[in-house]
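This report refers to the structure that appears directly beneath it.
The values are calculated or read from the model by the stated rules, or taken from the named source; none is laboratory data. Predicted, not measured: the structure shown is a model, and the values here were computed from it. Virtual Cβ from ideal backbone geometry, glycine too; neighbours counted across all protein chains shown.
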Ligand code: ZN
């Protein structure tokens with residue numbers, strides 16, 4: 001905790017003052033343009049990757065950047081955050097960002113024993129479709145973890161589209177979906193092409 005306290009001190013002393021005007025504006029305005037759904041992994045920091053300022057990204061981070069499909073029975077925190085971002089804040093772009101060396105995808109791709117972490121095992125079922133797709137011969141030849149990381153992004157984009165607020169936005173043309181993969185070692189970001197499944201460097 002000492003590190004965090006020191007961090008707060010530095011924020012107050014060095015980072016806040018040059019942005020005081022921005023924060024004063026943000027105190028009364030919340031209109032982010034993008035909903036960014038990434039992994040909880042400590043190495044994947046949306047604001048840093050996108051060089052974005054406070055107020056620009058509405059962020060949801062879950063283990064494995066998983067988005068449970070819509071269920072009419074019981075909405076969870078992820079569903080509520082998606083709905084709020086789209087229906088209330090009016091985000092126009094939604095990014096689902098996977099990343100290299102993802103612990104969740106590695107556990108699934110390598111079949112790790114998750115009996116000691118039942119909540120994790122249960123949560124990762126939201127990647128079952130990705131796992132099934134990644135196991136097909138068409139993805140053969142590539143690293144199984146890497147293949148699952150990519151396939152999982154497409155699966156979560158499909159899950160995202162089942163949420164009524166997102167479906168309405170897609171039908172009206174007011175929302176666009178994007179699948180990204182971030183590489184921790186190089187800092188590179190690829191945008192995945194739904195037609196080919198391949199990634200194209202977002203900013204060469
Ligand atoms: Zn991860």
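What number of residues within the range 94-132 satisfy the criterion of being closer than 16 Å to residue 181 by Cβ and away from the ligand (no atom under 16 Å from the Cβ)?
Residues meeting the conditions: 1.
Going through 171, 185 one at a time, which residue ends up being free of Cβ contacts under 8 Å to residues at least 60 places away in the same chain, out of contact with any helix residue (DSSP H, G or I) (no Cβ under 9 Å at 6 or more places or on another chain) and more than 19 Å from residue 37 (Cα to Cα)?
171
Within the bounds of the range 23-34, is there any residue that is within 16 Å of the ligand (Cβ to nearest atom), under 25 Å from the mean Cα position of the chain (by Cα) and within 29 Å of residue 183 (Cα to Cα)?
no
Output the qualifying pairs, or none if there are none: Cβ atoms under 7 angstrom, residues six or more apart or on different chains, first residue in the range 103-120 and touching a residue at least 24 places away in the same chain (Cβ under 8 Å) and in the same structural domain as residue 144 (by TED's automatic domain parsing), second residue in a loop (DSSP other than H, G, I, E, B) and surrounded by 15 or more Cβ atoms within 10 Å (Cβ to Cβ).
Partner pairs satisfying both residue conditions: 103/41; 120/114.
Output the number of the condition that residue 74 fails; it satisfies all remaining conditions of (1) away from the ligand (no atom under 16 Å from the Cβ); (2) within 15 Å of the chain's Cα centre (by Cα).
Going through the list (1) away from the ligand (no atom under 16 Å from the Cβ); (2) within 15 Å of the chain's Cα centre (by Cα), residue 74 breaks only (2).
Pick out, from the range 1-110, the helices (runs of 4 or more DSSP H) lying fully within it that include 3 or more residues that are at pLDDT 95 or above and within 24 Å of residue 186 (Cα to Cα).
It comes to 46-49, 103-109.
This table checks each residue for (1) surrounded by fewer than 18 Cβ atoms within 10 Å (Cβ to Cβ); (2) part of a loop (DSSP other than H, G, I, E, B); (3) modelled with pLDDT of 95 or more; (4) more than 19 Å from the chain's Cα centre (by Cα).
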residue	(1), (2), (3), (4)
113	yes, yes, yes, yes
123	yes, no, yes, no
128	yes, no, no, no
141	yes, yes, no, yes
152	no, no, yes, no
